[in-house]
Amino acid sequence: MDASTGQQNDAFAGEARGELSPRTARALWCGSAGLVIAALGIPVTVAGAEDGRRLIVATALVLVQTGALRWQTRAPVPVLVANTATGIAVWALLPAVTLTGALLAAQVTLCVLSATRARRVSLWALAAMCLPVPLAFGAGGSAGPAVYVLAVVLAWTLGQWRKAQQERMRAEMRRAVVEERARIARDVHDVVAHTLSVMVIQAGAADDVFSQRPDQARQALRDIEVAARSALGELRLTFRAFGPEAGEDATGEPRTPGPSLTRLDELADTVRATGMTVHVYHEGAADGLPAAVDRTAYRIIQEALTNTLRHAVGADEVSVRVRDEGHCLEITVVDNGRTAQGPSAGAGAGRGLVGMKERTRLVGGSLHAGPRPGGGFEVAARLPVERAS
């Protein structure tokens, strides 16, 4: 996880400095060099057909421009200066070639500079590219300067558009990374908090009956082992970004199933092992649920049961009701305990409730949690369901 995050951060930093991957830089060079050779090489060949010496010099200058484009992503400012100077030289040798055409390589470099460097630098480059405008008056009349300025501004604008596009993409990637980190944090919290709560209660029970009822103490220890193994399996599943096969882990063993309502009875059994009475009611099919809704429903129930174990004073019974209404899934978890008072009790429960509400919000649902008028605590969630037709 740390390595991948570091690589992503390095990639963001490289893009922010205007650095492109070698493959992208090479493709950009080939494309821009081909454009300059096709769009400028042909007019130069035609205009210099009657003067072989000028044609040779102009052709060499065009080749210098295309060669300089190889470094336009690494050092766009020097390349822009070189291509501007050689472009003006080509136009001076062959006036039949328009100034706009002669400076095509410089315009390409200006576009790259605008896309990869700070806006202040690109504005200075744009202003510098407008300096040769008076030269266009003698070659193209009143239309010459207008065409040249339009081409230069268009090249700069295209670079700015590309830069804005890249910034949006980087912002979306950063947001995706943040959301993924938050999701992993919620999953880890749910797995660890629930399992540790069960293990603490079972360990206390084993200690109480260790001498008088060793068989019951051994059963509690076995339950602790099962809970710990289950938690480790879920944590491996959470942190596994890639695997050899969809159904096996790196050792070739079957992967632990992910959080799903199909494992609700298994979840209830872990709570029952602590001595808590757990009633589970299913209404409706509750099958064919979207993966996000299925996972969210399981995590909400898991966190609600964990809060019952940790914070419901005197609770010995909890009921879980899952009702599938077709267009939405309703979840209700009710216990018969008293909500613990004091800062130590409220801190953990508050974080758990915040996590449940955030999970519900991400799937477009709603959640209510609070004490019941007649006693006990209730968690009620409503998750919209969009099944594939």
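The values are calculated or read from the model by the stated rules, or taken from the named source; none is laboratory data. In this text the structure is predicted, and so the values were computed from the model without any measurement. As a convention, Cβ positions derive from the backbone with ideal geometry for all residues, glycine included, and neighbour counts pool all protein chains shown.
Residues in the stretch 269-313 that are basic (Lys, Arg) and either outside the structural domain of Gly352 (by TED's automatic domain parsing) or free of Cβ contacts under 8 Å to residues at least 12 places away in the same chain (or both): Arg272 alone. Do we have Val64 as of a type in the set (Val, Ile, Thr) and farther than 25 Å from Ala47 by Cβ here? Considered against the rule, which asks whether it is of a type in the set (Val, Ile, Thr) and farther than 25 Å from Ala47 by Cβ, Val64 comes out as no. Screening Ala182 against (1) of a type in the set (Gly, Ala, Ser); (2) surrounded by fewer than 16 Cβ atoms within 10 Å (Cβ to Cβ); (3) modelled with pLDDT under 70 leaves a single unmet condition, (3). The criterion of at least 3 residues that are in contact with a Gly (Cβ under 7 Å, 6 or more places away or on another chain) is met by the following helices (runs of 4 or more DSSP H) wholly inside the stretch 63-177: 104-116.
When Gln160 is tested against (1) surrounded by fewer than 20 Cβ atoms within 10 Å (Cβ to Cβ); (2) under 24 Å from Val64 (Cα atoms), only condition (2) is not met.
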